[in-house]
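Comments concern the structure below.
Values quoted throughout were computed directly from the atomic coordinates according to the rules given, and no laboratory measurement underlies them. From a predicted model like this one, the values you see are computed outputs, not experimental measurements. Don't worry about glycine lacking a Cβ; one is built from the backbone with ideal geometry, like all the others, and counts go over all protein chains shown.
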């Protein structure tokens, strides 16, 4: 597999994962109210509607999507999908510090949802903080066994660094049987190189 194909796979990790973990569901997404706040201070329904509206603007008018998501957060600061989706936009536009803060907020509000954890791992990867990213992928796999996006992200990080132990090899074998031809080919190539004792690129 050529280096350009490997880079294309990495880009696919970022874009596909960000798209999958864009959130709109209302269930279990609102955190506790601030001390002294009341239900009247939070318009969760409006936040949900605005968050869903932002999805249709994300590609055609990112600036409008930013504004709509900020309005959603103003309507309900504890509506996690708005924070997560704002982070997705910030990540795609290279605003890593802002994206990290948005995903951290979403993660605190939705600790059991894999999405914000996966997105935060992408921020760490983009920032070159591979140990932190790997730790998040491992956490997701512990709480969501078999999560495809965590598995792919973890394997890209490990194989890029030549870290192919028995556990990683087992994960590669699992991915090699994937129905996705691009990822299946990628995993099989990594297994071939590792089995031949060659240094991974």
Original post:
With a 10 Å Cβ neighbour count serving as the proxy for reagent exposure, in which order, fewest first, do 104, 189 appear?
Top reply: 104, 189
Subject >> Mean Cα-pair separation over length for region 36-102, i.e. relative contact order, pairs under 8 Å, 6 or more apart, % >> reply: 29 percent
**OP:** Starting with the fewest neighbours, write out 61, 43 ranked by other beta-carbon atoms found within 10 Å of each beta-carbon.
**Re:** 61, 43
Subject >> Residues 164, 123, 49, sorted so that the one with the fewest Cβ neighbours within 10 Å comes first >> reply: 49, 164, 123
Subject >> Length-normalised contact order of region 70-167 in % [C-alpha pairs under 8 Å, at least 6 apart] >> reply: 17 percent
